[in-house]
Amino acid sequence: MTDQWSQLNEKLASYPYVDGYTISDRDFEVFKSVPVKELGGKANLARWHRHIASFKQEPSKQPTDDMELGDNLPQYLLNHLTKTGAPFNSIALAEELGLDHQKLIGAVKSLIAQDGLVTVSETSEKRTELTNEGQEMATNGSHEYNVFVAIGDEGLPQGELMKLPIGKVGMAKAIAAKWIATEKNGAEVRLVRKMAADAVVDKVREQLEQISLGQEVDAKDKTELKKRKLINEVTVKGLIVEKGPNFTTEIVKPELDLTAEMIQSGSWKEKTFKKYNFEALGVQPSSGHLHPLMKVRAEFRQIFFQMGFTEMPTNRYVESSFWNFDALFQPQQHPARDAHDTFFISDPAISTKFPTDYLERVKTVHSKGGFGSIGYNYDWKLEEAQKNVLRTHTTAVSARQLYSLAQEGFKPSKMFSIDRVFRNETLDATHLAEFHQVEGVIAEKNLSLAHLIGIFTEFFKKLGIEGLKFKPTYNPYTEPSMEIFAYHQGLKKWVEIGNSGMFRPEMLLPMGLPEDVNVAGYGLSLERPTMIRYGINNIRDLFGAKVDLEMIRKTPICRLSKKD
Ligand code: PHE
């Protein structure tokens, strides 16, 4: 007889019986004749056995009721209530039909939606389930049994056994069961069998098998299995379903919406409407996401704050030429003012409110000179200064702040701004008509170029950029002026990362700043480090109407590689 089951075990090894194994009545016949104790050590047979057990009902005994069960479960349930004339318990019925309980609950819920069709009340049942480890043992045997097998007739050094994952627990249990014992052989501890192989019964595996088949086992054994975490007691919640006051076997598909037509024709009176489900969770709205530029801006702000800078107000995209150019000692014929570079505003075209004294001093320094300068010697016109523009740089903001600083009484200051500026440029992969500037301004007495280089070094170090080089350049409002360069490891060349300089006395002195005060400024674009940080090659992929929202959603927060 034993041979027959071993043969079946081997035969089943070649069956892909879990997926696509169609069970037949024959499976059930064999299933009933397999003695539970034969499943020990026959993994394939055991697996097949549990698979068949999970169907509970033989195929020929499954209800057909001239309709496929899965097709219309709600209808089947109504017919069932009519046929039996009695309430049903969802847990018991699911078991009887060999159906997933949750599926059946879903069908009952759809019946509840039709007013008064069925009445339900809750019920619950305690169940014993195998844990993962329990299932594993039900198939492959208990640890102690496998230890007994592993030791064999010759015995085994304890060290060898301990290499197996089941070794420790299995050995303890097998010794307690008096299946095996330890033996000292000089320095070596060996494990040897104390029982004949056919006298050892893997009770644990058999009990687990019985539980998985829904059979009862001794209460004491059950407690022991629970302690070993091989089984779990679970409570299954179910429903008792009975006919409701409006019971019928006809399922009316409820209307979802009350339409104008139904109201006009009065047909709404006869219709059944789907009930509101106030419990339903709405669609989760996706949260807002910061644009990559704003993420990098947040990092820059942190660096400025760490270095003791305060933030300047930048809420003025439209600026007068006076603050954008004239206050910065930029002559009125300067090519940058030309319509090719600057966006002029047509409405309102001009600004009219300026600090009068200061305006006069600016006019004088441009046209005649002063404060030790010969000026530009040209006919300065108020009309030109009044013209409104979209600010071309954030230095317009710095000019306003420095003027305020002079009015309030000078004190050493470090200020920064990060915001949008506009230039009428030819658009290409790296240029747009608007971009963001990061600008820092340091006002202090007797500030030197060496201080400035120190500040830049510190600032860029916090961005992870070291080894700066400086190159003389020209700005109308600074002298000396320096372009800041850094070596780009990826491009293997020096790239310009910023522009800087010491603001000219022709700019500072008309504002009313003390003569021994020096003001240094520097600026860089926010776009360049952002594109480098997120590996974006075309500025149109970063900014503007064609930007992919998914990109904004997915870019991680910015962590510039700081070196403190
Ligand atoms: N405004 C300059 C630019 O647009 C940057 C700058 C700011 C230079 C302050 C010197 C001082 O490039």
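Summary table
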quantity: Val149, sole failed condition from (1) more than 18 Å from Ala46 (Cβ to Cβ); (2) open to solvent by 60 Å² or more (accessible area, probe 1.4 Å); (3) not in a strand (DSSP E or B); calculated: (1)
quantity: Any hit, segment 445-456, residues being buried (at least 16 other Cβ atoms within 10 Å of the Cβ), aromatic (Phe, Trp, Tyr) and at pLDDT below 95; calculated: yes
quantity: Positions within segment 537-546 being surrounded by fewer than 19 Cβ atoms within 10 Å (Cβ to Cβ) and touching a residue at least 60 places away in the same chain (Cβ under 8 Å), in sequence order; calculated: Asn537, Asn538, Arg540, Gly544
quantity: Subset of segment 457-494 that is open to solvent by 60 Å² or more (accessible area, probe 1.4 Å) and charged (D, E, K, R) - its residue that is nearest to Pro331 (Cα to Cα); calculated: Glu479
quantity: Residue in segment 236-248 that is in a loop (DSSP other than H, G, I, E, B), among the basic types (Lys, Arg) and modelled with pLDDT under 95 present; calculated: no
quantity: Residue satisfying all of: in segment 399-418; polar (S, T, N, Q) and part of a strand (DSSP E or B); most open to solvent (accessible area, probe 1.4 Å) among these; calculated: Ser413
quantity: Residue in segment 473-494 that is within 16 Å of the ligand (Cβ to nearest atom) and farther than 23 Å from Phe416 by Cβ present; calculated: yes
quantity: Matching residues in segment 96-133 - criterion: being open to solvent by 60 Å² or more (accessible area, probe 1.4 Å), in contact with a Leu (Cβ under 9 Å, 6 or more places away or on another chain) and in a strand (DSSP E or B); calculated: Glu122
quantity: Check on Thr182, surrounded by fewer than 11 Cβ atoms within 10 Å (Cβ to Cβ) and outside any loop (DSSP other than H, G, I, E, B); calculated: no
quantity: Members of segment 383-396 found to be part of a helix (DSSP H, G or I) and within 10 Å of the ligand (Cβ to nearest atom), listed by number; calculated: Thr395, Ala396
quantity: Unique match (being away from the ligand (no atom under 16 Å from the Cβ), among the charged types (D, E, K, R) and either surrounded by 12 or more Cβ atoms within 10 Å (Cβ to Cβ) or within 18 Å of Leu508 (Cα to Cα) (or both)) among Lys368, Lys353; calculated: Lys368
quantity: Close pairs from segment 39-58: first crowded, with 20+ Cβ neighbours inside 10 Å, partner at pLDDT below 75, Cβ under 6 Å, at least 6 apart; calculated: Trp48/Tyr17
quantity: Residues that are β-branched (Val, Ile, Thr) and touching a helix residue (DSSP H, G or I) at 6+ places or on another chain (Cβ under 8 Å), drawn from segment 398-438; calculated: Ile418, Thr430, Val438
quantity: One residue from Ala177, Ala138, Ala172 being under 13 Å from Lys194 (Cβ atoms) and among the aliphatic types (A, V, I, L, M); calculated: Ala177
quantity: Unmet criterion (only one of (1) surrounded by 16 or more Cβ atoms within 10 Å (Cβ to Cβ); (2) over 30 Å from Ile455 (Cα atoms); (3) away from the ligand (no atom under 13 Å from the Cβ)) for Thr342; calculated: (3)
quantity: Search result, residues across segment 409-430 that are modelled with pLDDT of 95 or more and in contact with a His (Cβ under 9 Å, 6 or more places away or on another chain); calculated: Ile418, Asp419, Arg420, Val421
quantity: Every residue from segment 495-532 that is under 21 Å from Thr364 (Cα atoms), within 15 Å of the ligand (Cβ to nearest atom) and open to solvent by 30 Å² or more (accessible area, probe 1.4 Å); calculated: Arg504, Pro505
quantity: Number of positions in segment 524-545 that are among the small types (Gly, Ala, Ser), in a loop (DSSP other than H, G, I, E, B) and over 22 Å from the mean Cα position of the chain (by Cα); calculated: 2
quantity: Selection within segment 160-169 - touching a residue at least 24 places away in the same chain (Cβ under 8 Å) and either surrounded by fewer than 16 Cβ atoms within 10 Å (Cβ to Cβ) or under 18 Å from Ala196 (Cα atoms) (or both); calculated: Val169
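The values are calculated or read from the model by the stated rules, or taken from the named source; none is laboratory data. These figures come from a predicted structure and were not determined experimentally. In this analysis, Cβ positions are derived from the backbone assuming ideal geometry, glycine residues included, and neighbour counts consider all displayed protein chains. These area figures cover heavy atoms from the full protein model, side chains too; ligands, DNA and RNA do not enter into them. Shrake-Rupley method; radii C 1.70, N 1.55, O 1.52, S 1.80 Å.
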